[in-house]
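J.: A single structure is presented below for examination.
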Amino acid sequence: MQRIKSLFFAVCMLSLLAGCDMDQPPPDNGSIQWVLGQANSALEDINEKYGDDIMRAIDGLREADHPGGPFENDLDSARAYLLGQMREKYGIEFAVVGREDLDNYGPFAGATYTCQVAPVDAPEQVATALVSQTLYQKVRDDFAVYYFKEAAEAPVLALCEAKDYVLDQRISLEMPGTALTWTADDSLEKFLVQSGAYVKVTLRLADDLDTKVYAGQILDLLNSIDQLDCNLSLQARANKTYIFFSEIKVLEGFDAGSYTLEELEDMIEHRLKIGDPQ
């Protein structure tokens with residue numbers, strides 16, 4: 001909408017400038033100031049007379065139905081289309097189980113519908129799915145994590161449980177939404193390499209330890225993760241603060257040597273001092 005307003009302003013300015021008699025010199029030799037002053041005065045007059053009508057027309061254009069889209073600009077139509085796409089993609093029935101949003105981006109981009117879905121027979125397997133009237137007419141979702149979840153998370157869990165300084169951990173296989181169809185017959189290795197999936201790990205460490213101790217614990221963990229076959233989003237928490245977080249590309253040759261004890265200690269000290277963003 002802001003781009004449309006800016007475009008309208010530019011067109012008006014050009015029209016005004018085009019209407020100026022350039023054969024007549026502006027007064028006081030203030031060419032730019034004089035032209036801008038004339039244009040601004042005329043624009044204010046146009047805005048006063050026609051501004052409301054113009055903005056109503058722009059808003060109407062923005063809310064117009066997208067011609068030729070695969071679903072109408074209402075929740076029932078969008079929901080039915082997305083669920084049909086999920087059924088076709090995975091061969092099972094899905095239902096909307098969480099938040100759903102339908103946003104209309106105008107007659108060129110069309111509407112986009114996003115929601116949380118789950119199989120009718122497995123309502124605990126919640127995924128995020130998206131379709132649009134233009135760019136994403138094939139549903140994009142992250143449901144495939146459930147085919148690989150246990151196998152991908154198990155080695156990460158075993159590593160965390162082997163570290164006595166890890167008091168607790170939350171582990172979850174995540175992936176970006178995709179139009180590609182993954183099945184249980186695909187190999188875990190292929191999925192982890194090609195899908196953009198990663199394991200999100202949040203560790204709970206003991207409170208009130210020296211920063212050098214925390215740094216040593218995290219460095220020990222970083223030196224151990226090369227045994228894993230997945231990328232990680234790693235967070236460590238102590239004293240009600242995330243003292244460390246990093247996206248670790250294990251599959252791209254992560255080198256724990258890129259971290260030093262001193263650097264980690266400085267990082268942790270800084271994190272404990274400033275705390276988490278409010």
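J.: At most 14 other Cβ atoms within 10 Å and a DSSP loop assignment: could you name the trypsin sites (Lys or Arg not before Pro) in region 195-240 that fit?
T.: When the trypsin sites (Lys or Arg not before Pro) of region 195-240 are filtered for loop state and at most 14 Cβ neighbours within 10 Å, Lys240 remain.
J.: Gain in length, Asn223 to Thr260, computed as 0.36 nm per residue apart minus the alpha-carbon separation, to one decimal in nm?
T.: 12.2 nm
J.: While we're on this one: Skip the ligands, DNA and RNA, and give the accessible area per residue of region 157-199 with a 1.4 Å probe, whole Å². List each step's numbers first, then the result.
T.: Working: 2470 Å² over 43 residues.
That works out to 57 Å² for each residue.
J.: Of all accessible surface on region 94-160 at a 1.4 Å probe, what whole percent is carbon and sulfur?
T.: On the way: 1730 of 3220 Å².
Answer for region 94-160 is 54 percent, counting heavy atoms of protein chains only.
J.: Find how much the distance from Asp45 to Asp210 grows on full extension, using 0.36 nm per residue of separation minus their present alpha carbon separation; answer in nm with one decimal.
T.: Answer, rounded to one decimal: 52.6 nm.
J.: Here's something else I'd like to know. May I ask you to derive the FRET efficiency for Thr241 and Asp164 from their Cβ-Cβ distance with R0 = 22 Å, giving the value to the nearest 0.05?
T.: In this case the efficiency is close to 0.55.
J.: Taking 0.36 nm per intervening residue step and subtracting the Cα-Cα distance, what contour gain separates Asn104 from Thr183 on full extension?
T.: 25.2 nm
J.: Going highest first, how would you order 119-125, 143-149, 104-110 by mean Cβ packing within 10 Å?
T.: 143-149, 104-110, 119-125
J.: Then there's this: Each residue of region 204-212 in turn: what ³J(HN,Hα) in whole Hz from Karplus with 6.51, -1.76, 1.60 and θ = phi - 60°, glycine and Pro shown as x?
T.: 10, 9, 5, 7, 6, 8, 5, 4, 5
The values are calculated or read from the model by the stated rules, or taken from the named source; none is laboratory data. Note that the structure is predicted; figures quoted are calculated from it, not measured. So basically every Cβ, Gly included, is an ideal-geometry build from the backbone, and we count neighbours across all protein chains shown. Heavy atoms of the whole protein, side chains included, go into the accessibility calculation; ligands, DNA and RNA do not. Shrake-Rupley method; radii C 1.70, N 1.55, O 1.52, S 1.80 Å.
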